[in-house]
Amino acid sequence: MNRFKKIFLSILGGVDVTFTIFSPILLAALWVTVSSLENWTEYFFYTIGLLATMFRAIKIGFLQHD
């Protein structure tokens, strides 16, 4: 594999990991922006987004050590 392909694939891998980690929190933030924080359900969705982000970050961190 030549140098350009390695660089291109590493950039794509970094973008994939970034979107994998931050997509739940972005969706939760979008939900909160569209509908204001008036009910307990909005707080619940926001908390689920934060927990999913933390879980994905921990999961990816442990995958690097295998």
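Since every read-out is calculated from the coordinates, none of them should be taken as a lab result. Note that this is a predicted model, so its numbers are computed, not measured. All Cβ positions, even for glycine, are placed from backbone atoms using ideal geometry, and neighbour counts span all protein chains on display.
Do you know which residues across the stretch 1-25 are among the aliphatic types (A, V, I, L, M), surrounded by 11 or more Cβ atoms within 10 Å (Cβ to Cβ) and either out of contact with any Gly (no Cβ under 8 Å at 6 or more places or on another chain) or more than 19 Å from T53 (Cβ to Cβ) (or both)?
So in the stretch 1-25, the residues among the aliphatic types (A, V, I, L, M) come out as 1, 7, 9, 11-12, 15, 17, 21, 25.
After this cut, where a residue has to be surrounded by 11 or more Cβ atoms within 10 Å (Cβ to Cβ) as well, the list is 9, 17, 21, 25.
L9, V17, I21, listed by residue number.
Applying the selection to the stretch 12-41, what residues are part of a helix (DSSP H, G or I) and among the aliphatic types (A, V, I, L, M)? Spell out the reasoning first.
Start the filter on the stretch 12-41 by keeping residues that are part of a helix (DSSP H, G or I), which leaves 12-34, 40-41.
Matches in the stretch 12-41: L12, V15, V17, I21, I25, L26, L27, A28, A29, L30, V32, V34.
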